[in-house]
Amino acid sequence: MDSIHQESILQFKALVQQAAKLAVVGHTHPDGDALGAATGMALSLLSRGKKDVTCVFSDTPGENLRFILSREVPYCFHDQEAEKAEAILRGADLIILLDCNAFDRTEALQPFLEASPAWTVLIDHHLNPDRDRFDVVFSTPEISSASELLYWVLKAMDWEVTVAAGTALLTGMTTDTNNFANSVFPSTFRMASELIAAGIDRDALLQTLYNTCRENRVRLMGYMQYEGLKLLPCGGAYMILTREIQQRFDLREGESEGLVNVPLTIGAVRLSLLLKEDQGHFRVSIRSKKGTSAQALAQRCFHGGGHENASGGKLFIGPDISSAEEAATYVENALKTFLK
């Protein structure tokens, strides 16, 4: 790919060769792309003879995505083993950051990443990467996912992409494109075609991704579409997952994935938001149809960013709204102003 320069490939190869202890890191609240890219990277390093490779995340992933984790790869989650995660980062020779454009997207891991003297490599597909903080950067927004970008980096390095690594990368790409529904490029189909030809069982992957959820998730999805969906004349739609709703349906991390896309099936809806109440803030997912910028809304109103039609951010209780009950009013005002 045009964004993968040979000089960067040679630098990356040299850093891997010199490093004895390697940490592969993804963003907070890891999604399928972060987990798939990190797992694919770790498996590729292990297959090249690296003995000390660990994937480090600030949070334990949701149950629905844990199938991506490989038995061959050591994982460490800061919310479970804080001291161990911090020690791994302090002792690493090489840190590879995937699916986020800067250390601050790792939240709890940020101070330890910033203090580390290790060499650093960034592999990401978001805008505005913190290039000055990394020794080697592979970054382009014109690609489906970090998993896809890593696939082409590995190919440029002439590393074999094993079936195990390829499965993780195809899973990550599939989740980030909503199964080829958004942010898809010609290279995305080439990646999928090559991996399927290499023996990846995409049917089994899709079965695990989309047809093994709990009954609670199905009931939540129905409830939110019937009771929780708010439609505005301006073409905006939103849903709010309050703490009460999460408790009522015993909602687990990752089980609301995909809900934000549902309102976009309505012809008049141009932009959809899902707010999930958390400690002191709401996590905000934003999706839009072509011609309406989810990214601009995320940057303008929700301290966030991302891709043109798929972005995210946060709404803070205190700085932005005085109480959780004011979230709906804030969102409606933001949508009316943005979509006028």
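The values are calculated or read from the model by the stated rules, or taken from the named source; none is laboratory data. In this text, all values refer to a predicted model and were calculated from it rather than measured experimentally. Here the Cβ is made from the backbone with ideal geometry for all residues, glycine too, and neighbour counts use every protein chain on show. Each accessible area value is taken on the protein alone, full model and side chains, heavy atoms only, with ligands, DNA and RNA left out. Shrake-Rupley method; radii C 1.70, N 1.55, O 1.52, S 1.80 Å.
Among the helices (runs of 4 or more DSSP H) contained in the range 179-230, which hold 2 or more residues that are farther than 30 Å from T242 by Cα?
Working: elements: 186-197, 202-210, 215-223.
Passing ranges, in order: 186-197, 202-210.
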Notebook entry, point to check: Scanning for something at pLDDT 95 or above, touching a strand residue (DSSP E or B) at 6+ places or on another chain (Cβ under 8 Å) and closer than 20 Å to E148 by Cα, does the range 59-71 turn up at least one residue?
Noted result: yes
Checklist line | Neighbours by Cβ (under 9 Å, 6+ apart or cross-chain): first from the range 216-234, over 14 Å from S256 (Cα atoms); second surrounded by 13 or more Cβ atoms within 10 Å (Cβ to Cβ) and acidic (D, E) | finding: K230/E332; L232/E332
Next item on the list: Among the residues of the range 82-121, write down those that are under 24 Å from G312 (Cβ atoms), surrounded by fewer than 23 Cβ atoms within 10 Å (Cβ to Cβ) and aliphatic (A, V, I, L, M).
Entry: A102, A108, L113
Notebook entry, point to check: With (1) within 30 Å of R202 (Cα to Cα); (2) free of Cβ contacts under 8 Å to residues at least 40 places away in the same chain as the list, and G166 as the residue in question, which single condition is left unmet?
Noted result: (2)
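Could you list all residues from the range 152-178 that are in a helix (DSSP H, G or I) and open to solvent by 10 Å² or more (accessible area, probe 1.4 Å)?
From the range 152-178, those in a helix (DSSP H, G or I) are 152-156, 163-176; that's our starting set.
Result: W152, K155, A156, V163, A164, T167, T175, D176.
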Check: If you scan the range 43-71, which residues turn out to be touching an Asp or Glu at 6+ places or on another chain (Cβ under 8 Å), free of Cβ contacts under 8 Å to residues at least 60 places away in the same chain and either under 18 Å from S116 (Cβ atoms) or surrounded by fewer than 18 Cβ atoms within 10 Å (Cβ to Cβ) (or both)?
Finding: S58
Next item on the list: Just name the residue that is farthest from the chain's Cα centre (by Cα) out of those in the range 238-270 that are assigned to a helix (DSSP H, G or I) and within 19 Å of L315 (Cβ to Cβ).
Entry: E244
Note to self: Can you tell me which residue is most open to solvent (accessible area, probe 1.4 Å) among those in the range 296-311 that are modelled with pLDDT of 95 or more and outside any loop (DSSP other than H, G, I, E, B)?
What the structure shows: R300
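Sort through Y223, Y210, Y238 and tell me the only one that's touching a strand residue (DSSP E or B) at 6+ places or on another chain (Cβ under 8 Å) and hydroxyl-bearing (S, T, Y). Walk me through it before giving the result.
Working: Y223 fails: touching a strand residue (DSSP E or B) at 6+ places or on another chain (Cβ under 8 Å); Y210 fails: touching a strand residue (DSSP E or B) at 6+ places or on another chain (Cβ under 8 Å).
Y238 is the lone residue from the list that is touching a strand residue (DSSP E or B) at 6+ places or on another chain (Cβ under 8 Å) and hydroxyl-bearing (S, T, Y).
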Notebook entry, point to check: With V269, V260, V284 as the choices, which residue is aliphatic (A, V, I, L, M) and touching a helix residue (DSSP H, G or I) at 6+ places or on another chain (Cβ under 7 Å)?
Noted result: V269
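Quick check on the range 3-39: of everything there that is among the acidic types (D, E) and closer than 15 Å to D124 by Cα, which residue is most open to solvent (accessible area, probe 1.4 Å)? Break it down stepwise before answering.
Going through the range 3-39, the residues among the acidic types (D, E) turn out to be 7, 31, 33.
Next, from what is left, pick out any that are closer than 15 Å to D124 by Cα: 31, 33.
Details: D31: 41, D33: 0 Å².
Restricting to residues being among the acidic types (D, E) and closer than 15 Å to D124 by Cα, the top hit is D31.
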Checklist line | Condition met for L273 (open to solvent by less than 20 Å² (accessible area, probe 1.4 Å), on the phi < 0 side of the Ramachandran plot and assigned to a strand (DSSP E or B)) | finding: yes
